[in-house]
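Have a look at the structure below, then the notes.
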Amino acid sequence: MLSGQGNYFLLSTAHTSMLLFCADGRAEYRYFGELVRDTAGAELLAPEWEGRTLLPCSPWGSTDFREPSLLIRHADGSVASRFVLTGAEIAPRVLPAGLPHACGGGDCLRLTYRDEAAKLVLCLQLMPLEACDAIVSSAWLKNEGEYAVEIERIASLQLELWGKDFSFTTFDGAWGSERQRHTRPLALGKCENASYAGSSSAFHNPFVMLTRPGETYACNLIYSGNHRETAEADDTGRTRLIAGINPFGFSWRVEPGETFYTPEAVLVYAQSPAEASARMRNFVMTHIIPPRWADCERPVLVNNWEGTYFSFTRDKILSIAARARDVGAELFVLDDGWFGRRDDDTSSLGDWKDYAAKTGGIASLADEVRAMGLQFGIWVEPEMISEDSDLYRAHPDYTMRVPFRKPLTMRNQLMLNLADVRVQDYLFEAISNVIQTVKAAYVKWDYNRYMTDCFDAVTRGGEYCHRYILGLYALLARLTERFPGVLFEGCASGGGRFDLGVLFYMPQIWTSDNTDARERIRIQAGTACAYPQSSMGAHVSASPNEQTGNRNSLYARFSVACGGVLGYESDLTAASEAELSEISAQIAYYKRHRRTLQLGEYTPLGDAFGDDWSGYLVRAADGSEAIAVVCLHEKHTEVFNRRARFAGLEDGARYRVYRVEKDGGEQLLTEADGDLLNRASVSLGGIFGETDVRENSNPLYVRMYRFERIGR
Ligand code: GLA
């Protein structure tokens, strides 16, 4: 809800409100927090001193010397601007041209500022989203002058808060350790969370939180490229949060008459980090995931990658697929190695043509898989090119590179120049052709390196990285429009590009190449702080684990993978009869409760980054059941009385409590009330004795429970 009352504008969602004061050439935040219904008395919220206000933007050139939200290099080389608020109105929303954005929503508060000398117009747009308690923020700059200007930075969001006692939480990592939560107190000065890698990166996810007891402000960017979020506290008792495209190396020329649009940012206020995360997940499900997939149960897949890597034959693939069918999987995914002459990672990227000598004919292979009753899915890595490829031999000019410099390879590959529309067209045809040839139901879209030689001969250097991302979005928009029934899963050496921009086109993303259950609980717990479980690809792989060598029971691996979209990724032809029957039971169990697991309301249990136990509980949207997984990270033999608490159940509801066994059966433990289970900690007695991994001294100790509601 949006209302204007005198000089005040009140943006309210179901549980939160933001109040802005707009007059005398400036706009100020006056309140952001729990829901308020009226603005009477709002003059009491005015700052003590006019210069000490809370601003939604801070263009460089005023007497505010903190991090600026906008920096413009004018035609004469000067960088000082003087923007004055000229309008504040409730207006229809303007979509950011060519960028993914929050779907739906209604009117916005639009703040219009003008730099009269330069004839530049800056608009800020704030859109409240009622049901999920989020506010979407963006900006655009229009050049109404006679000379071109360069934008050197422009934020999607600036939030300012009273106080300098916040903590800053970020989600950082690397390959195999994506989105580990880190929280540090803000000292005076600035904390930065950013990517310089060309994509949102495994190093620092764009999702951040500012917290202090009883208050959390969480923000994410709907963008897949270089991003930066800064939190700055100063001795005037204010904290400033800025989020947007990383200004590093960025500059964008705006010619007279042109407009530049920032990506959108989403902002949430809540009383706790857990509540902010729940609101973020809700926002993603409602406004980011393509509507066709948002409420759609996703298939259980089997992927051959960790089972075969590049060395497979047609027979091998068909025998894995046959096992996949036998255990009840629904989708078989042929991973890397099926195209060009791809026997390892040194060749063929760009040549999206069947490696017939290896596959025996990809179209008929896909038909045979389908004849087994499975859907067929395929791996591609469209944004890349191998020097040893027909595409490179024919079109070295399609490569991202700096003239007269040899571009750096990573994983033996170079990148294509997606800023070039010819390259986008080539990929649109090539990938369309792959999808049509194999009648793909699913495409895994991989991206296995970061950007180093961000340049081409025609694009202005400072615009390159953003133009690349715009090119990627244009390509994804065309492909997903042409193939609306195809389920796309994003991937970037695991979870190296897990962001809202990707999710706008591809409803799920491979969370990490690290499939060790012990490590996955943290990776998935960190990811779930901002993203819903149906967006996280989660696979059961071999034990000992390929990445870490750790051993874990099939039951533990499955229970952890149930925290995302379930798949299996190993050589199923090497599995024993006992393992295959356990996998069949797991898949049958998962399918029975898939709606709850994939689309239910998710509550983290314990703390994967702190406590010595953690897990998750998902409750069906209709409340009829909930499933919980509890993991003990370490064995402490001196402490026998291990306990967990099942927050996330319904107060006032009565449940039958089952323990889920490894044969897919359930053992009824008792009946209990949600009130009790939500609050009291429950004994996990005997959990150490149960693990069947004797040869490993330190497995993950896991139990799965189901709560069936039998009354209220
Ligand atoms: C990346 C992905 C893996 C697999 C390989 C194939 O590492 O994350 O899942 O697809 O590429 O080369």
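The values are calculated or read from the model by the stated rules, or taken from the named source; none is laboratory data. None of the values given here were measured: they were computed from a predicted structure. So basically every Cβ, Gly included, is an ideal-geometry build from the backbone, and we count neighbours across all protein chains shown. Surface areas here come from the heavy atoms of the whole protein model, side chains and all, with no ligands, DNA or RNA. Shrake-Rupley method; radii C 1.70, N 1.55, O 1.52, S 1.80 Å.
Going by amide H atoms built from the backbone, whose H comes under 5 Å of the H on Gly145, apart from near neighbours?
Under 5 Å from the amide H of Gly145 lie the amide H atoms of Gly257, each far enough along the sequence or on another chain.
Would you kindly find the accessible area of Lys439, with a 1.4 Å probe and non-protein molecules such as ligands, DNA and RNA excluded, rounding to the nearest 10 Å²?
Around 120 Å² of this residue is reachable by solvent.
Tell me, what HN-Hα J-couplings in whole Hz come from the Karplus equation 6.51 cos²θ - 1.76 cosθ + 1.60 at θ = phi - 60° for each residue of the stretch 665-681, using x for Gly and Pro?
Rounded to whole hertz, the list is x, 10, 9, 6, 8, 5, 10, 8, 8, x, 3, 5, 5, 5, 10, 8, 8.
For the stretch 503-513, take each phi angle, set θ = phi - 60°, evaluate the Karplus expression 6.51 cos²θ - 1.76 cosθ + 1.60, and give the result in whole Hz per residue in order, putting x for glycine and proline.
Ordered by residue, 3J(HN,Hα) equals 5, 5, 9, 10, x, 9, 9, 5, 6, 6, 6 Hz.
Could you sort 575-582, 306-313 so that the peptide with the highest average Cβ count within 10 Å comes first and the rest follow in order?
The packing order, highest mean first, is 306-313, 575-582.
Once you have a ≥ b ≥ c as the square roots of the Cα gyration tensor eigenvalues for the stretch 613-711, tell me rounded if a/c is under 1.5, and otherwise prolate or oblate according to whether a/b is larger than b/c.
Judged from the Cα gyration tensor, the stretch 613-711 comes out prolate (a/c at least 1.5, a/b above b/c).
Using amide H atoms built in the peptide plane, which far-off residues or other-chain residues are under 5 Å from Glu666 H to H?
Here Glu661 satisfy the definition.
Please list 3J(HN,Hα) in residue order for the stretch 181-198, calculated via the Karplus relation 6.51 cos²θ - 1.76 cosθ + 1.60 where θ = phi - 60°; whole Hz, with x for glycine and proline.
Each residue of the stretch 181-198 in turn: 7, 10, 10, 9, x, 7, 8, 5, x, 10, 10, 10, 10, 7, 10, 10, 9, x Hz.
Under the rule a/c < 1.5 gives rounded, and otherwise a/b versus b/c splits prolate from oblate, where does the stretch 356-468 land using the Cα gyration tensor?
prolate
Starting from the amide H of Arg643, placed 1.01 Å from N in the peptide plane, find each other amide H under 5 Å away whose residue is 5 or more places distant or on another chain.
Amide H neighbours of Arg643, under 5 Å, 5+ apart: Leu684.
Considering only protein heavy atoms, with the full assembly of protein chains and a 1.4 angstrom probe, order Arg228, Arg405, Arg467, Arg342 by accessible area, largest first.
Arg405, Arg467, Arg228, Arg342
Peptides 389-396, 654-661, 31-38: what's the order by average Cβ count within 10 Å, highest mean first?
Per-residue mean Cβ counts within 10 Å order the peptides as 654-661, 389-396, 31-38.
Just report the Cα centroid separation between the stretch 432-454 and the stretch 270-297, whole Å.
What the calculation gives is 26 Å, centre to centre.
Sort Arg325, Arg709, Arg449 by accessible area with a 1.4 Å probe, largest first.
Arg325, Arg709, Arg449
Give me the extension gain from Asp344 to Leu676: residue separation times 0.36 nm, minus the current Cα-Cα distance, reported in nm with one decimal.
114.0 nm
Could you state the accessible area per residue of the stretch 249-340 in Å², with a 1.4 Å probe and every protein chain left in place?
For the stretch 249-340, the per-residue accessible area is 31 Å².
Can you send over the solvent-accessible area of Lys353, 1.4 Å probe, protein chains only, in Å² to the nearest 10?
Counting only protein heavy atoms, Lys353 exposes about 140 Å² to solvent.
Determine the share of the chain's accessible area contributed by carbon and sulfur atoms, expressed in whole percent, with a 1.4 angstrom probe.
The computed percentage sits at 51.
Where q = 0.05, 0.06, 0.11 Å⁻¹, what log10 of I(q)/I(0) comes from the Debye formula for the chain, counting one point per Cα?
-0.25, -0.36, -1.17
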